[in-house]
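Chemist: This structure is in structure tokens; I'll ask about it shortly.
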Amino acid sequence: MKDVLMKSIFLGECMVELSTLEGGLLQKSFAGDIFNSAVYMKRSLQGEGEVSVLTAIGEDQISMEMEAFFIKQGLGVDTVFKSSEGTVGLYIISTDKEGERSFSYWRESSMARRLMHILKNAKTTLDSLNADMIFFTGITLAILDLKSRKDLLNQISAARKNGAKIAFDPNYRHQLWENKETAADWIDKAYQVSDTIFPSVEEESGLFNTASTKDCLSRLVKYGIKEIVLKAGTEGMYVQNNGELFHRAFIPADKVVDTTAAGDSFDGSYLAMRMRGKNVQESLDHAAEVAAKVVTFPGAIMPEGLT
């Protein structure tokens, strides 16, 4: 990556988030994997560079509130497309005593699922946006129809040839995919057009039958990806970068309230530090510290000023 990337685009879906507070009250906010990562990148960049969300929303009140929330977080909204044909998705977070979360989703009318069709109608392509970096995830792929998945990866590839660096997190959610084999196939295709990836050992084991962290890294290096950031649970995080292996030990948070956005915040914070010219170890340390703070707050977006 270049020392400083001036324009980053996070492509996918943002949703209405309802998180359960003490006493059973529900708190409304907005979240989604690519949006969460964008927020934490923006904060960690500390004013260096522009971060935008590329998504589709409705024209209703809740969609306008979402766009206003993007702006409040300092994110660019020039690539937020609006349509009167739908709205945004919604999910509820439930957490157990250990802070582990489960989700209930309502996203059938989410305009983000039609994003590639909307881009086509707007005569907009990813390479025409002149982004320095584009980040997308397995969820971005999973919510699209088959034709749109093909279109997205073709446009990602074109943008890459045009100079954009591509970052991808598989963020595998089995309930969003037709089956495991389909998910593995599309995630494999996404790896082939990416420069930086953020898989986990758990995902790799479930999708590609790898037996250990070493097996994961051995399999992933065959793609020729420049920077592999592997999340290995209690083993910590590993980065394979230009043939050199780095490691950050797992340090548990003081008190886990809600693990929502732990991985998303890690991704955005890590990418921000690399864009600022920090080395791999500095970037790992910072991203891990941010993620450890995020899980001590309910919901995906913790208060500003703490990253």
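The values are calculated or read from the model by the stated rules, or taken from the named source; none is laboratory data. Computed from a prediction, not measured in an experiment: that's the story for all the values here. Note that each Cβ is placed from the backbone with ideal geometry, even for glycine, and that neighbours are counted across all protein chains shown. All accessible areas refer to the heavy atoms of the entire protein, side chains included, with ligands and DNA or RNA removed. Shrake-Rupley method; radii C 1.70, N 1.55, O 1.52, S 1.80 Å.
Chemist: Which percent of Cα pairs goes in each bin when the distances of the range 153-307 are cut into 10 angstrom slices starting at zero?
Modeler: Over the range 153-307, the share of Cα pairs per 10 Å bin runs 10, 38, 37, 14, 0 percent.
Chemist: At q = 0.16, 0.19 Å⁻¹, work out log10 I(q)/I(0) for the range 98-160 with the Debye formula, treating every Cα as an identical point scatterer and leaving solvent out; two decimals please.
Modeler: For the requested q values the scattering log ratios are -0.60, -0.78.
Chemist: Additional query: Okay, helix-only estimate at 222 nm for the chain: each DSSP H run of n ≥ 4 adds -39500 (n - 2.57), divide by all residues, round to 500 deg cm²/dmol; what do you get?
Modeler: Rounded to the nearest 500, it is -11000 deg cm²/dmol.
Chemist: Further, regarding this structure: Spelling out what I want: for every residue of the range 273-285, take phi, set θ = phi - 60°, compute 6.51 cos²θ - 1.76 cosθ + 1.60 (Karplus), and round to whole Hz; glycine and proline get x.
Modeler: Couplings: 5, 5, 5, 7, x, 6, 6, 4, 5, 4, 5, 4, 4 Hz.
Chemist: Under 25 Å between alpha carbons: how many lysine pairs meet that in the range 130-231, if sequence neighbours fewer than 8 apart on the same chain are excluded?
Modeler: Lysine pair count for the range 130-231: 29.
Chemist: What are the principal axis extents of the Cα atoms in the chain, in Å, biggest first?
Modeler: 50, 49, 41
Chemist: In addition: Have a look at the DSSP beta bridges in the range 75-225 and tell me what percent are antiparallel, nearest 5.
Modeler: In the range 75-225, approximately 45 percent of DSSP beta bridges are antiparallel ones.
Chemist: Can you give me the solvent accessible area of R107 with a 1.4 Å probe, rounded to the nearest 10 Å²?
Modeler: Number for this one is 20 Å².
Chemist: Compute the convex hull volume of the Cα atoms of the range 256-307, divide it by the residue count, and report the result per residue in Å³ as a whole number.
Modeler: 62 Å³
Chemist: Right, here's the next one. Using alpha-carbon positions, what is the distance between the centroids of the range 162-198 and the range 96-160, in Å?
Modeler: 11 Å
Chemist: What whole-number value in cubic angstrom gives the convex hull volume per residue for the C-alpha atoms of the range 94-223?
Modeler: Working: hull volume 16.6 nm³, N = 130.
Residue-normalised Cα hull volume stands at 127 Å³.
Chemist: Let me ask something else about it. Applying the Karplus parametrisation 6.51 cos²θ - 1.76 cosθ + 1.60 with θ = phi - 60° to the phi angles of the range 29-42, what ³J(HN,Hα) value in whole Hz is obtained for each residue in order, glycine and proline being reported as x?
Modeler: Whole-Hz 3J(HN,Hα) from phi for the range 29-42: 8, 10, 7, x, 4, 6, 5, 4, 4, 4, 4, 6, 5, 4.
Chemist: Still on this structure, please answer the following. In whole Hz, with x marking every Gly and Pro, tabulate ³J(HN,Hα) for the range 196-207 from phi via Karplus 6.51 cos²θ - 1.76 cosθ + 1.60, θ = phi - 60°.
Modeler: After applying 6.51 cos²θ - 1.76 cosθ + 1.60, I find 9, 10, 10, x, 10, 4, 4, 5, 4, 5, x, 8 Hz.
Chemist: Test of the criteria: in the range 108-185, which trypsin sites (Lys or Arg not before Pro) are in a DSSP loop and have at most 11 other Cβ atoms within 10 angstrom of their Cβ? Kindly include the intermediate steps, with their values, before the conclusion.
Modeler: Numbers: sites: R113, R114, K120, K123, K147, R149, K150, R160, K161, K165, R173, K180; in loops: K123, R173.
Sparse-neighbourhood loop trypsin sites (Lys or Arg not before Pro): K123.
Chemist: Given the chain, what percent of its DSSP beta bridges are antiparallel, to the nearest 5? Numbers along the way, then the final one.
Modeler: Numbers: 22 of 50 bridges.
Around 45 percent of the beta bridges assigned by DSSP in the chain are antiparallel ones.
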